[in-house]
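**Student:** Got a structure here, written out as structure tokens. Questions coming.
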Amino acid sequence: MDKGKAVMGAGRRWAVDFSDQSTVPSSRDILDPPGFSRASPEQDDSATSRQKKDAEANWKLQKAWEVAQSPFKNLMMMGFMMWMAGNTVHLFSIGITFSALWQPLSALQSVGKIFEPFKDNKVELLMPKLVFLALNLGGLALGIWKLNTLGLLPTHASDWVSSLPPPQEVEHSGGGFSFH
Amino acid sequence: MAMEIRVSLLLLIFLSSAVISFSLYEDQVGLMDWHQRYIGKVKHAVFHTQKTGRKRVIVSTEENVVASLDLRHGEIFWRHVLGTNDAIDGVDIALGKYVITLSSQGSVLRAWNLPDGQMVWETSLHTAQSSKSLLSVPINLKFDKDYPVLVFSGGYLHAVSAIDGEVLWKKDFTAEGFEVQRVLQPPESSIIYVLGFLHSSEAVVYQIDSKTGEVVAQKSMVFPGGFSGEISSVSSDKVVVLDSTRSILVTIGFLDGVISFQKTRISDLVEESGNAEILSPLLSDMLAVKVNRRTIFVRIGGEGKLEVVDSLSDETAMSDSLPVADNQVAFASVHHEGSKIHLIVKLVDDLDTVLLRESIQMDQHRGRVHKVFINNYIKTDRSNGFRALIVMEDHSLLLLQQGAIVWSREEGLASVIDVTTAELPVAKDGVSVAKVEHTLVDWLKGHMLKLKGSLLLASPEDVAAIQEMRMKSSGRSKLTRDHNGFRKLFIALTRAGKLFALHTGDGRIVWSMLLKSPSKSEACQRPSGISLYQWQVPHHHAMDENPSVLVVGRCGSDSSAPGVLSLVDVYTGKEISSSGIGHSVVQVMPLPFTDSTEQRLHLIADTEGHVHLYPKTSEALSIFQREFQNVYWYTVEGDGGIIRGHAMKSSCAGETADEYCFTTRELWTVVFPSESEKIISTLTRKPNEVVHTQAKVSTDQDVLYKYVSRNLLFVATVSPKGAGEISSVTPEESTLVVYLIDTITGRILHRLSHQGCQGPVHAVFSENWVVYHYFNLRAHKYEVTVVEIYDQSRAENKNVWKLVLGKHNLTAPISSYSRPEMFTKSQSYFFAQSVKTIAVTSTAKGITSKQLLIGTIGDQILALDKRFVDPRRTLNPSQAEKEEGIIPLTDSLPIIPQSYITHSLKVEGLRGIVTAPAKLESTTHVFAYGVDLFYTRLAPSKTYDSLTDDFSYALLLITIVALVAAIYITWVLSEKKELSEKWR
């Protein structure tokens, strides 16, 4: 996740792309050296290169699955932390709960960026993405559940009436013992 | 929103549960509280100046206080407040070192050490019947090194040793029904003459041997007309008394045991006739008689012949006679003339010799002079000087000497009968705060000192300086409103009919005002005050109007006497208007409506069952007529055991032309069976109490709806046998029953009976709960019970979605006729102390948790958290309940010494506690009155909404400056380092 971010970061000023794949010499200012044929590797090792590409795609898919499943570990750890924090409102439990809410939210926001390195025509990324989303939503649900157990969600009637002023009275009365 | 409240409430509970009791450090005493010591209206004063250098006066007062005052400054040297039933009948000095007091209708005789007020001895005297009591300390009666004190009370004449209080002898007069009027002792004789009346028509003189108490001789003579009132002794063998028609002066001579009468008509002495009254001052050979508001001086000649020697205008007060040098006797008289009073000291023998004539400017609001006590001293030029102690109509005590008021004591404040609060004026914009407060340098210096103190670097001088600074800090006594609402006025109405405005900051009297009679008629020279109400409290409109209070008074002591209404401007203390209303005042009912100038509407009920609307304006009338159907009033008849409810019927136009008068009709009655129940206490909620919420949330998020109603009356009744003293009945004979009655419909909402319990009941009613204190005869302990009332009919409002969408009727106006179902929760606890009064804290929004303020029998005030009297307390509260602050149930309520808000002080003779909210939600003003006054500010849940006074702003400032500096320095350093890195 972090690597992808670093590569794709906005701080880049210039770059040299050494993996130029273009086959058209005219696109370059410099002529190809004599005896160099661009077409030759394709013609020669097309089978091996296809194999290589397949392997790369497989690897990407595998990595994508790994990334997709990574929130699960997080989820387990969060669950443990929440259990440790207990059900009372104090600094620790509030911090845990809010981080448990924040992490899935930020992950959900950047789901596209996280899966960008594995983008490939041949790689089917939908399933990993869905799994990733589901797990993060699960984390979010866990956080909300925790918030509720802490009593910080207005889900009870008491949360809605606790500041209701007492009703006005129609009748007024006064009196008592008479003055002596 | 709700979440935030929950969070803040939870935090609040945590903060409050951190420290259970309210307590104070020693150096915080006097920062927020003040205490004033009083003695009450002086009845007797005995000067004591035999030893030079000890200039003191011993006084006894109507508040049952015996005290020794410093004559130089008027300070109290020592003071003893006897109980409310222990009225002082006489005070005198014996042996030159003991103060002798006779109290409780002459049944208790006590001796106090003169210099320090320690009690030396106490003797309870046997009394058989109630009668006038008399204390006499003969000056030169002595036998066997003992000096007897003669006391007549309850039909017995006692001679009590002044040294140890032992009864030397007693003479029983109960069989004859003899009333001793005077004990006279001829000089150099061991025989004392006891003079008195038998059935008010027979004069009897006993000659009693003072050593043994045996009657040596007895003479009696019947006077056909009968006597009335006091007798006045004019010489060692003559007394003067009025006959029963109060028109004839009878001189009784009893020389050598022979009684002789001599009658003189008053009409023969002076032209005026009418009921005469002998003034109690004792002048030798001279008599002061008050006839038709004139005081005449009558000299008794050698053969008992009376002649008028002088007469004075009516408003004269006279002192007792005082022996001055060369066997001469002097007396003082004080009379008014305009705004001045004139003090004249004359010789009794020669009324033309004026020893002293002084005129002193006197404050109009002190009224007339009621009593004068004089004392003489030898000046440096060997002539006689006089000082006079005078008691004014407003009960104040003043010392006059050399034509000036040396000191004055506002003793009216010892008898406060009603208290209300008022705001101070808003600060004017023109006045710069910096000028009033401090200069910036002073401010910084002060904070540096405080910082030193908090870092434990301060020297003892610094500590003293800090303490002094805190004591007079931050303009606590300024006469303007402050942001937190800490500065306020307490308006107190005293029994003398005087209003005092006391500043909460330092307790000083901002203004005082004696109620004036609206008419000049003789029947009502001075109205007596009954109660105080807030008449006008401008806060939304009419901001340019000054707030005012309504004083309801009465002309005369009878309940059918015509009432007097007086409006007093709170800012200036001036009477805006004073009017006699043509009807009596039985009850006053402030209505929850105000007119366009924010004057509150009041209904005043009279003895005829009519109610009168005030203010008498057409606007008020139209407001009242709109709510005409919804106004009710109820009366409690303690003797009959009946509570009656009334509704407005119609204007009483048929009987009188007064359109502001309304008739009422009786709606309901609650009759308590007189053979088994007697009303001993009733209580309602304070009408101005603010309740924040109607819901009570329990630990499991369940909601209970409080039954919050102003129309609830708490009534406590006890079996007639149990209405007496505590433990005078067996548990089987006494039952205490408490009721909660709706005062609109007369419906009894709740009834709770306590078998084997009795009063007195002290209760407090707030929000939806009542806490009351009574005596349990079975357990021989005091008990406190709490009853909380909840509304069952609202309990179904539990659907969250309906609540979210606002589809509920929880805020709709409710009527008592809708007969809401309700249920109660209650719990009882033992309480170790006897209680005089209970109050509860009140805050501006009603959010802060409450404390009960319990005035204990020791005249202290104990603050007890409401959490201790919570019916949800159980023996083993669950974890969640503990977190919510529920305390495990114990059989008795704890008395934590640190939670006495009066700390080491006593509010002697405590009678009432008044609480008022400050603007700051956490804080409440507490004012306690009795013989003493005490004020403090309380924060029942700590001051969670403001920084404390001793918060070190300097430390905060220095920390911020240091941090900013550190950031700047490190930034510079890092810049430098980076630059050098780049050049490498």
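**Student:** Scan around B:Val120 for amide H atoms under 5 Å from its own, H built in the peptide plane at 1.01 Å from N, and keep only partners 5 or more places away or cross-chain.
**Tutor:** Excluding prolines and chain starts, which carry no amide H, the hits are B:Ala111, B:Trp112, B:Asn113.
**Student:** Which ³J(HN,Hα) values, rounded to whole Hz and listed in residue order, are derived for region B:818-833 from phi using the Karplus coefficients 6.51, -1.76 and 1.60 in 6.51 cos²θ - 1.76 cosθ + 1.60 with θ = phi - 60°, glycine and proline given as x?
**Tutor:** Coupling constants for region B:818-833: 7, 6, x, 6, 9, 9, 10, 10, 9, 7, 10, 9, 7, 9, 7, 10 Hz.
**Student:** Moving on to the next point. Quick check on region B:855-984: what are the equivalent-ellipsoid semi-axes from the Cα gyration tensor, as sqrt(5λ), descending, whole Å?
**Tutor:** Working from the Cα gyration tensor, I get semi-axes of 52, 24, 11 Å.
**Student:** Ratio of alpha-carbon Rg to the 2.2 N^0.38 Å globular estimate for the protein assembly as shown, to two decimals, please.
**Tutor:** 1.31
**Student:** Quote to one decimal, in nm, the extra length available between B:Ser728 and B:Ser190 on full extension: 0.36 nm per residue of separation minus the C-alpha distance between them.
**Tutor:** 189.1 nm
**Student:** Taking the Cα centre of the protein assembly as shown as the origin and placing charges on Cβ (Lys, Arg +1; Asp, Glu -1), which of A:Pro34, B:Ile913, A:Phe115 is farthest toward the positive end of the dipole?
**Tutor:** Value computed over the given set: A:Pro34.
**Student:** Evaluate the relative contact order of chain B (contact order divided by residue number), counting alpha-carbon pairs under 8 angstrom at least 6 apart; express in whole percent.
**Tutor:** Relative contact order for chain B comes out at 7 percent.
**Student:** Neighbour counts of other C-beta atoms within 10 Å: give me B:Arg56, B:Arg246, B:Arg819 arranged from fewest to most.
**Tutor:** Ascending Cβ contact count within 10 Å gives the list B:Arg819, B:Arg246, B:Arg56.
**Student:** So, one more: Calculate one ³J(HN,Hα) per residue across region A:153-159 by plugging θ = phi - 60° into the Karplus curve 6.51 cos²θ - 1.76 cosθ + 1.60, and present them in order as whole Hz with x for glycine and proline.
**Tutor:** Ordered by residue, 3J(HN,Hα) equals 10, x, 9, 9, 4, 4, 5 Hz.
**Student:** Another question about this same structure. Using only C-alpha positions, report the orientation-averaged shadow area of the convex hull of region A:69-153, nm², one decimal.
**Tutor:** If I average the Cα hull's projected area over directions, I get 5.5 nm².
**Student:** While we're here: Would you mind checking the tilt of helix B:460-471 against the longest principal axis of the Cα atoms of chain B, expressed as 0 to 90 degrees and rounded to 10?
**Tutor:** 90
**Student:** In addition: Determine, at each q value in 0.23, 0.24 (inverse angstroms), the log₁₀ of I(q)/I(0) that the Debye formula gives when each Cα of region B:586-671 is one equal point scatterer.
**Tutor:** Debye output, listed in q order: -1.15, -1.22.
**Student:** OK, next. More than 19 angstrom separation, counting every C-alpha pair in region B:766-836; what % is that?
**Tutor:** Of all Cα-Cα pairs in region B:766-836, 56 percent lie more than 19 Å apart.
**Student:** Here's a follow-up. Is the shape of region B:292-380 rounded, prolate or oblate, going by the alpha carbon gyration tensor and its root eigenvalues a ≥ b ≥ c, with a/c under 1.5 for rounded and a/b larger than b/c for prolate?
**Tutor:** oblate
**Student:** For a footprinting-style exposure proxy, rank B:Tyr790, B:Tyr705, B:Tyr147 by other Cβ within 10 Å, fewest first.
**Tutor:** B:Tyr790, B:Tyr147, B:Tyr705
**Student:** Please list, by residue number, everything in region B:806-836 whose backbone N is under 15 Å from a paramagnetic label point 7 Å out along Cα→Cβ of B:Gln629.
**Tutor:** Label zone hits: B:814-818.
**Student:** What is the sum of charges, Lys and Arg at +1 and Asp and Glu at -1, for the other residues whose Cβ falls under 14 Å from the Cβ of B:Thr848?
**Tutor:** Taking every Cβ under 14 Å from that of B:Thr848, the sum is +2.
**Student:** I'm checking a number: the convex hull volume of the Cα atoms of chain B, normalised per residue, in Å³. What is it?
**Tutor:** 253
**Student:** I would also like to ask the following. Hey, what does the equivalent ellipsoid look like for region B:656-731, semi-axes from the Cα gyration tensor as sqrt of 5 times each eigenvalue, largest first, whole Å?
**Tutor:** Equivalent-ellipsoid dimensions as semi-axes: 32, 30, 12 Å.
**Student:** Taking R0 as 56 Å, what's the FRET efficiency between A:Phe98 and B:Ser676 from their Cβ-Cβ distance, rounded to 0.05?
**Tutor:** 0.30
**Student:** For B:Lys798 and B:Gln879, FRET efficiency with R0 = 22 Å and r from the beta-carbon atoms, rounded to 0.05?
**Tutor:** 0.35
**Student:** Next question. Please report, in debye to the nearest 20, how large the charge dipole of region A:69-153 is about its Cα centre when each Lys and Arg carries +1 at its beta carbon and each Asp and Glu carries -1 there.
**Tutor:** For region A:69-153, the charge dipole is close to 20 debye.
**Student:** Round to the nearest 0.05 the FRET efficiency obtained for A:Asp32 and A:Ile144 when R0 = 56 Å and r is the Cβ-Cβ distance.
**Tutor:** About 0.35, to the nearest 0.05.
**Student:** So how do B:Arg794, B:Arg79 line up by other beta-carbon neighbours within 10 Å, fewest first?
**Tutor:** Ranked by crowding around the Cβ, least crowded first: B:Arg79, B:Arg794.
**Student:** What does the charge count around B:Gln361 come to, taking other residues whose C-beta lies under 14 Å from its C-beta (Lys +1, Arg +1, Asp -1, Glu -1)?
**Tutor:** Neighbour charge sum, excluding B:Gln361 itself: -1.
**Student:** Would you grab the residues whose amide H sits under 5 Å from the one on B:Trp668? Only those 5+ places off in sequence or on another chain, please, with H modelled 1.01 Å from N.
**Tutor:** Placed amide hydrogens put B:Gly645 under 5 Å from B:Trp668.
**Student:** Ignoring everything except DSSP H segments at least 4 long, calculate the 222 nm mean residue ellipticity for chain B; use -39,500 (n - 2.57) per segment, divide by total residues, nearest 500.
**Tutor:** About -3000 deg cm²/dmol.
**Student:** If you don't mind, there's one more thing I want to ask. By the scheme Lys and Arg +1, Asp and Glu -1, what is the net charge of all other residues having a beta-carbon under 10 Å from that of B:Glu575?
**Tutor:** +1
**Student:** Mind checking the dipole of the protein assembly as shown: about its Cα centre, +1 per Lys or Arg Cβ, -1 per Asp or Glu Cβ, Debye to the nearest 20?
**Tutor:** 3160
**Student:** Here's another thing I want to ask about it. What are the ³J(HN,Hα) couplings of region B:760-765, residue after residue, when phi is run through the Karplus curve with 6.51, -1.76, 1.60 and θ = phi - 60°? Round to Hz, x for glycine and proline.
**Tutor:** Ordered by residue, 3J(HN,Hα) equals x, 9, 10, 9, 9, 10 Hz.
**Student:** Give the long-range amide H neighbours of B:Leu591: residues separated by 5 or more places, or on another chain, with amide H under 5 Å away, using H modelled in the peptide plane at 1.01 Å from N.
**Tutor:** Sorted by chain and number, the residues that satisfy this are B:Leu601, B:His602, B:Leu603.
Quick note: the coordinates plus some simple rules give every number you see, no bench work behind them. Keep in mind it's a predicted model, so treat the numbers as computed, not measured. Counting neighbours? That spans all protein chains shown, and the Cβs are built from the backbone with ideal geometry, glycine included.
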